[in-house]
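For reference, the structure is listed below as structure tokens.
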Amino acid sequence: MAEETIKFKLNGKAVTLSTDGDRKLLWVLRTDFELTGTKYGCGEGLCGACTVLVEGDAVRSCQTSMKDVEGKNIVTIEGLSMNDQLHPLQKAFAAHDALQCGYCTSGMIMNAYSLLSKNLDPSVSDIVRGMDDNICRCGAHKRIIEAVQSAAKEMKGGMKP
Amino acid sequence: MDSFYKFSARFAELSKPQRTQSREISIDACGIIRDPLGCSKYFLFYSSVIVISMKNWRNDAYAKVTGKTKFTDDLKFANLLHAVPVYSDYVHAEILSINTAAAAQSDGVVRVITAKDIPGSNRHGQIVRDLRILADDRIRYNGDVVAIIVAETRDQAIRATALVKVDARELPSLLDPEKALEPDAPLIHEDLGTNVINTHKVRRGDVDAGFRDSDLILEQKFETQFVEHAYMETEASVCQQRPDGVMEVYGSMQHPFSTRRFVSRFLGVALSEVEVLGTPLGGGFGGKDDTAAIVCARTALASKLTGRPVKMMYKRIWSMRESYKRHPYRVYYKMGVSKNGIIRAVQTKIIADGGAYCSVTPWVTWRSTVQCCGPYVVDNVHCDTIGVYTNNVFTGAMRGFGSPQMNFVIEQMVEMAAEKLGMSPIEFRRRNMVRQGSVTITGQKLDNHAVAMEQVLDAVMKEIRYDEKIGQSSYGAVDKDEWYGIGLAMSYRGVSLGAEGVDLCAAIINVQADGSVILEVGVHENGQGSESAMMLLLAEELGIDVERIRYRRSSTSTIPDSGTTVASRGTIMGGGALKMAARELKAKIGAVIAPIVGGTPEQLRYEKNAIVGTSSSIAFDAAMAEMFNAKVFPHGFGIYQAPKVSWDDEHGRGDAYFTWVYGCQAIELTVNRTTGKVKLLNAVAAHDVGKAINPGMAEGQFFGGMAMGIGYALHEEVIMKDGRIVNTNFNTYRIPRSMDMPEMKAIIVENNDTTTPTGAKSLGEPTNELMAPAIANALYHATGERRFVLPMRVGKKEARGVE
């Protein structure tokens, strides 16, 4: 269990941390950085509650070792809203009531972000497929899909040519 | 509240009390801001405008979409210790010794706790006190916890679990409820002298005569499975003893008052010495009642013994191993019908596997008993229900609470009977269904509310175009590669606890001198939106903007025991209490304000943030200032007690529930003939909710209930092997995902219910109890084969425990 110095970018800020390189990003975020918006759901990368962005890709932070994020750019749900302004996905999730208990919501939004960052013009089935690995037990799927669709429209509108 | 409001408020402000004068559409110019993430090549669009539908208004939406909601494990305490449970490999064994010496020496470990350390009682339960919070004499199922390890870090605590050694004498395991009922079966709880947890019955008319009068008799056995709640947030608790000695308990739970009882009894202290604080809940579905209380009790003891705050948060695999499940049922069902399609008699035996502990098995099985004939009038009924102890994982409350199992049975039986008679199953249902003034199988006359059975059936059939589509069903046609089927199911459901328990709820309205309002209701926010519903109700009651109201999550120290937020009773009971509190508040306001604005207190109208009398009106906030000037505090306390119900256990008769709800769901699907793959296409549900307080959220309950019902029908099963759960995470326990979902349509039927103060009834559970039989009927129409075992397998062997 060797301590390593790991540097990465977290929600836009450069950070340095001395820790065991085998520790999982989820627990470092929740414990060391007190970013508790990222949730534990299964610990085995099966549910998506812990989804964050690493270099823009949705990853399961419970399966991501700290040594693997050296030099990477990490964004969590806390980094998605900016200057108190909600991201279109966050607004859409609220406006469509695409949540009940809210426990899977952070992971859903981060996964949707990654999905839309690769395809701003997704079909419904692209979204359904793209969100399939994120589990919601309250059964908000229908509205999650609608929210992602609506956010995609808004984000596309805001894209610069 | 049913119109769409659009207003120009930054969303962040929604969660703050504010005056929103303008609710007209107002779209601000939206700035384009550089994507802050820096990891995308896109510029994203940020806007200061959010269009909020008051249909979907939710007080916790902002916190939930920003990750700011503090669930239990998100709470931070200084000097915090971490506790974890220790299990043994046994399924049924007599404990000889638990050696904790090595674990206690392990790095970072502060304390190892066993049953010997319990200052109070180790025997708990809401009905029968058979549950041990820490195993003492025996291990009765594989999820029994033998010790708790408390360490500086969670990892250190987990590492030490392997060092606890349990010496035990293995006992034969009883894993089949019918074997557990055999006369020579060993006893799981020796002091109880029996493996029978409870029995219930219904005796109506003369079934022998009924069968004699029948032209057709059908008999069928059905089996259902153990189901995991799979709330996304695992069990968690944080406890700390305050300087005044009170044990403060935070936790993921649906029933703070039950938790308080468990904790106080476990610690051996008075109820007032424990304060349970409601904490945002990451899903419950009935599953965070006893299990949550147990986890909180262990955490509280760890805090008491170490003198430090302690947190316990479950790994998924522990949660699935230890937490109680939905009851597996074995149902023997015999139905006699006459040629003209009238059900003459029903005889049924229902066997529920209660697992190692009683939990709420008697209440769950009571609902199954009362509703054992579905929404049909049957004059001759003989029902025997039995809850049985086994060494399987224990079973308890889960959304539906004993009805999903029975509906799976009944709604197939009626279709099978109709088909044998050569009659349309819909026509068969119409000939037998409850109508206004009908008498239920327990002798209750349905005359105090609108009996909407046919109304919801018609609504669903029309929407999904059942009559024209049923003819397209494939019935396993050999010339087709893809089979199509449509099916429906319907039910009625007794509202709230009925004769299951004491149905009481409290609410407190505390208006401030500036006209802002603090509301507290004894029901718990499970994610269903109960806080928002309560706030909307109060806003309507006082004629004020909902933004003036702050909801205060209840603490067991500030509000009387209001029971558990289960049984779809949140809105009905909470709303009732709120109405009572508002009545008291308005009496106080009337005494002070009526002389100012004219008229009697009863003549005052509360509207548009003002109180209007016969001669003038006063702004609500100014009125509240007047109240304080007059030294009359605008404070209302209300208690709502559900209307009287009755039950005669000996004869199985009574007015079981004070009102009923009616629901119908239909689904279309296809089955791939070669692979057996089932694709759900389109589902429609209609439920009479009395009155929808928050229609958007009500629809959310529809979709959520249907989703869970799909899992119950096709995917989910806790697989037990020799008493040990095999599938303890989401790779092997598959809950429905977005690709499994059909198109869904929710039809809210409103028949204002005069038996409830708000007109609202129940929804959370009715939506969950019909998908399995609807899918079963659709699968039959697609494949030509009936399925009597849940989950339903297509194209695979229909055997238990076979993937």
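The values are calculated or read from the model by the stated rules, or taken from the named source; none is laboratory data. What you see is a predicted model, and the numbers here were worked out from it, not measured in a lab. FYI the Cβ positions are ideal-geometry reconstructions off the backbone, even for glycines, and counts take in every protein chain you see.
Restrict the check to region B:673-682 and report whether at least one residue is within 29 Å of A:A94 (Cα to Cα), at the interface with another protein chain (Cβ under 9 Å from one of its Cβ atoms) and in contact (Cβ under 8 Å) with a residue 40 or more places away in the chain. Full working, then the answer.
From region B:673-682, those within 29 Å of A:A94 (Cα to Cα) are B:680-682; that's our starting set.
Applying the additional criterion that residues be at the interface with another protein chain (Cβ under 9 Å from one of its Cβ atoms) yields none.
No: region B:673-682 contains no residue that is within 29 Å of A:A94 (Cα to Cα), at the interface with another protein chain (Cβ under 9 Å from one of its Cβ atoms) and in contact (Cβ under 8 Å) with a residue 40 or more places away in the chain.
Out of the strands (runs of 3 or more DSSP E) lying entirely within region A:1-67, which hold 2 or more residues that are surrounded by 22 or more Cβ atoms within 10 Å (Cβ to Cβ) and within 11 Å of chain B (Cβ to nearest Cβ)?
Details: elements: A:3-10, A:13-20, A:51-54, A:57-60.
It comes to A:51-54.
From B:V65, B:V86, grab the single residue that is modelled with pLDDT of 95 or more, over 23 Å from B:V238 (Cβ atoms) and β-branched (V, I, T).
Details: B:V86 fails: over 23 Å from B:V238 (Cβ atoms).
The unique qualifying residue is B:V65.
Considering region A:1-48 alone, what residues qualify as being of a type in the set (D, E, K, R), closer than 23 Å to B:K68 by Cβ and without any contact (Cβ under 8 Å) to a residue 24 or more places away in the chain? Walk me through it before giving the result.
Filtering region A:1-48 down to residues of a type in the set (D, E, K, R) leaves A:3-4, A:7, A:9, A:13, A:20, A:22-24, A:30, A:32, A:34, A:39, A:44.
Still in the running and closer than 23 Å to B:K68 by Cβ: A:9, A:13, A:24, A:30, A:32, A:34, A:39.
Residues satisfying the conditions are A:K13, A:R30, A:D32, A:E34.
Across region B:259-281, what is the number of residues that are crowded, with 19+ Cβ neighbours inside 10 Å and over 20 Å from B:Q528 (Cα atoms)?
12
Tell me which of these B:L301 doesn't satisfy, since it passes every other one: (1) modelled with pLDDT under 95; (2) within 24 Å of B:A151 (Cα to Cα).
(1)
If I filter region B:521-556 down to residues being surrounded by 23 or more Cβ atoms within 10 Å (Cβ to Cβ) and among the acidic types (D, E), which single residue comes out as modelled with the lowest pLDDT?
The residue in question is B:E525.
From the list B:M744, B:M739, which one is among the aliphatic types (A, V, I, L, M) and in contact with a Phe, Trp or Tyr (Cβ under 7 Å, 6 or more places away or on another chain)?
On the way: B:M739 fails: in contact with a Phe, Trp or Tyr (Cβ under 7 Å, 6 or more places away or on another chain).
Checking each option against the conditions leaves just B:M744.
Inside region B:155-204, can you point out the residues that are surrounded by fewer than 14 Cβ atoms within 10 Å (Cβ to Cβ) and touching a His at 6+ places or on another chain (Cβ under 8 Å)?
B:E170, B:P172 - these are the residues of region B:155-204 that are surrounded by fewer than 14 Cβ atoms within 10 Å (Cβ to Cβ) and touching a His at 6+ places or on another chain (Cβ under 8 Å).
Is it the case that region B:454-463 has a residue that's basic (K, R) and without any contact (Cβ under 8 Å) to a residue 40 or more places away in the chain?
Looking only at region B:454-463, we keep the residues that are basic (K, R), and these are B:462.
Okay, now just the ones that are also without any contact (Cβ under 8 Å) to a residue 40 or more places away in the chain, so B:462.
Yes; the residues of region B:454-463 include at least one that is basic (K, R) and without any contact (Cβ under 8 Å) to a residue 40 or more places away in the chain.
Please list, ordered by residue number, the strands (runs of 3 or more DSSP E) wholly in region B:133-211 having 3 or more residues that are charged (D, E, K, R).
Correct list: B:165-170, B:196-204.
For residues that are polar (S, T, N, Q) and out of contact with any helix residue (DSSP H, G or I) (no Cβ under 6 Å at 6 or more places or on another chain), scanning just region B:205-240, find the one that is surrounded by the fewest Cβ atoms within 10 Å (Cβ to Cβ). Even if it seems obvious, please write down each step before you answer.
We begin by selecting, within region B:205-240, every residue polar (S, T, N, Q); these are B:214, B:220, B:224-225, B:234, B:237, B:240.
Filter once more, so that each one left must be out of contact with any helix residue (DSSP H, G or I) (no Cβ under 6 Å at 6 or more places or on another chain): B:214, B:220, B:225.
Working: B:S214: 21, B:Q220: 15, B:Q225: 21.
Restricting to residues being polar (S, T, N, Q) and out of contact with any helix residue (DSSP H, G or I) (no Cβ under 6 Å at 6 or more places or on another chain), the top hit is B:Q220.
Residue check: is B:F257 under 30 Å from B:V718 (Cα atoms), of a type outside the set (A, V, I, L, M) and not in a loop (DSSP other than H, G, I, E, B)?
Numbers: under 30 Å from B:V718 (Cα atoms): yes; of a type outside the set (A, V, I, L, M): yes; not in a loop (DSSP other than H, G, I, E, B): yes.
Yes; evaluated as a whole, the condition is true for this residue.
I'm told B:R430 meets every condition in (1) surrounded by 15 or more Cβ atoms within 10 Å (Cβ to Cβ); (2) in contact (Cβ under 8 Å) with a residue 40 or more places away in the chain; (3) not in a loop (DSSP other than H, G, I, E, B) except one. Can you identify the failing condition by its number?
(2)
Within region B:486-502, can one find any residue that is at positive phi, over 25 Å from the mean Cα position of the chain (by Cα) and of a type in the set (S, T, Y)?
no
Please go through region B:753-769 and pick out each residue that is among the small types (G, A, S) and outside any loop (DSSP other than H, G, I, E, B). If you could, list the steps in order and put the result at the bottom.
Of region B:753-769, the ones among the small types (G, A, S) are B:759-760, B:762, B:764.
None; the set is empty.
Tell me, which residue of region B:503-520 that is without any contact (Cβ under 8 Å) to a residue 60 or more places away in the chain and within 21 Å of B:A630 (Cβ to Cβ) is surrounded by the fewest Cβ atoms within 10 Å (Cβ to Cβ)? Quick ask: steps written out before the conclusion?
Our first condition is that a residue be without any contact (Cβ under 8 Å) to a residue 60 or more places away in the chain; within region B:503-520, this holds for B:517-520.
After this cut, where a residue has to be within 21 Å of B:A630 (Cβ to Cβ) as well, the list is B:517-518.
Details: B:V517: 24, B:I518: 14.
In this case the residue turns out to be B:I518.
Which condition number in (1) more than 7 Å from every other protein chain (Cβ to nearest Cβ); (2) within 19 Å of A:C50 (Cβ to Cβ) is the one that A:G102 fails?
Here A:G102 meets the rest and fails (1).
Which members of region A:68-78 meet the condition of being over 16 Å from A:N134 (Cβ atoms), in contact with a strand residue (DSSP E or B) (Cβ under 7 Å, 6 or more places away or on another chain) and within 13 Å of chain B (Cβ to nearest Cβ)?
Just the residues of region A:68-78 that are over 16 Å from A:N134 (Cβ atoms), to begin with: A:68-75, A:78.
Subset that is in contact with a strand residue (DSSP E or B) (Cβ under 7 Å, 6 or more places away or on another chain): A:69-75.
A:V69, A:G71, A:K72, A:N73, A:I74, A:V75, listed by residue number.
I need the full set of residues from region B:229-254 which are assigned to a loop (DSSP other than H, G, I, E, B), within 14 Å of chain A (Cβ to nearest Cβ) and aliphatic (A, V, I, L, M), in order please. Steps first, please.
Going through region B:229-254, the residues assigned to a loop (DSSP other than H, G, I, E, B) turn out to be B:229-235, B:242-246, B:252-254.
With within 14 Å of chain A (Cβ to nearest Cβ) added as a condition, the list becomes B:229-235, B:252-254.
Within region B:229-254, B:A230, B:M232, B:M253 qualify.
Picking from B:R465, B:R493, which residue would you name as being in contact with a Gly (Cβ under 8 Å, 6 or more places away or on another chain) and not assigned by TED's automatic domain parsing to the domain that holds B:G284? Steps first, please.
On the way: B:R465 fails: in contact with a Gly (Cβ under 8 Å, 6 or more places away or on another chain).
That would be B:R493, the only listed residue that is in contact with a Gly (Cβ under 8 Å, 6 or more places away or on another chain) and not assigned by TED's automatic domain parsing to the domain that holds B:G284.
Does B:I747 satisfy the criteria of being assigned to a strand (DSSP E or B) and more than 14 Å from chain A (Cβ to nearest Cβ)?
On the way: assigned to a strand (DSSP E or B): yes; more than 14 Å from chain A (Cβ to nearest Cβ): yes.
So B:I747 fits the description; yes.
So, in region B:612-647, exactly how many residues are without any contact (Cβ under 8 Å) to a residue 24 or more places away in the chain and touching a helix residue (DSSP H, G or I) at 6+ places or on another chain (Cβ under 8 Å)?
Number satisfying all stated conditions: 6.
Give the number of residues within region A:111-142 that are without any contact (Cβ under 8 Å) to a residue 60 or more places away in the chain, in a helix (DSSP H, G or I) and more than 7 Å from every other protein chain (Cβ to nearest Cβ). Can you show your working first?
Our first condition is that a residue be without any contact (Cβ under 8 Å) to a residue 60 or more places away in the chain; within region A:111-142, this holds for A:112, A:115-116, A:118-132, A:136-142.
Imposing the further condition that a residue be in a helix (DSSP H, G or I) reduces the set to A:112, A:115-116, A:118, A:124-130, A:141-142.
Adding the requirement that they be more than 7 Å from every other protein chain (Cβ to nearest Cβ) leaves A:112, A:115-116, A:118, A:124-127, A:130.
Residues in region A:111-142 being without any contact (Cβ under 8 Å) to a residue 60 or more places away in the chain, in a helix (DSSP H, G or I) and more than 7 Å from every other protein chain (Cβ to nearest Cβ): 9 in total.
Count, please, the residues in region B:581-597 that happen to be surrounded by fewer than 21 Cβ atoms within 10 Å (Cβ to Cβ) and touching a residue at least 24 places away in the same chain (Cβ under 8 Å).
Residues meeting the conditions: 6.
Listed residues B:G705, B:G711; which is in contact with a helix residue (DSSP H, G or I) (Cβ under 6 Å, 6 or more places away or on another chain) and either in a helix (DSSP H, G or I) or among the basic types (K, R) (or both)?
On the way: B:G711 fails: in contact with a helix residue (DSSP H, G or I) (Cβ under 6 Å, 6 or more places away or on another chain).
Checking each option against the conditions leaves just B:G705.
Going through region B:601-611 one residue at a time, which ones are assigned to a strand (DSSP E or B) and in contact with a helix residue (DSSP H, G or I) (Cβ under 7 Å, 6 or more places away or on another chain)? Walk me through it before giving the result.
Within region B:601-611, the first condition is being assigned to a strand (DSSP E or B), and the residues that meet it are B:605-607, B:610-611.
Answer for region B:601-611, where residues must be assigned to a strand (DSSP E or B) and in contact with a helix residue (DSSP H, G or I) (Cβ under 7 Å, 6 or more places away or on another chain): B:Y606, B:A610, B:I611.
If you check B:Y640, B:Y662, which single one turns out to be over 25 Å from B:S738 (Cα atoms), in contact with a Phe, Trp or Tyr (Cβ under 7 Å, 6 or more places away or on another chain) and assigned to a strand (DSSP E or B)? Walk me through it before giving the result.
Details: B:Y640 fails: in contact with a Phe, Trp or Tyr (Cβ under 7 Å, 6 or more places away or on another chain).
B:Y662 is the lone residue from the list that is over 25 Å from B:S738 (Cα atoms), in contact with a Phe, Trp or Tyr (Cβ under 7 Å, 6 or more places away or on another chain) and assigned to a strand (DSSP E or B).
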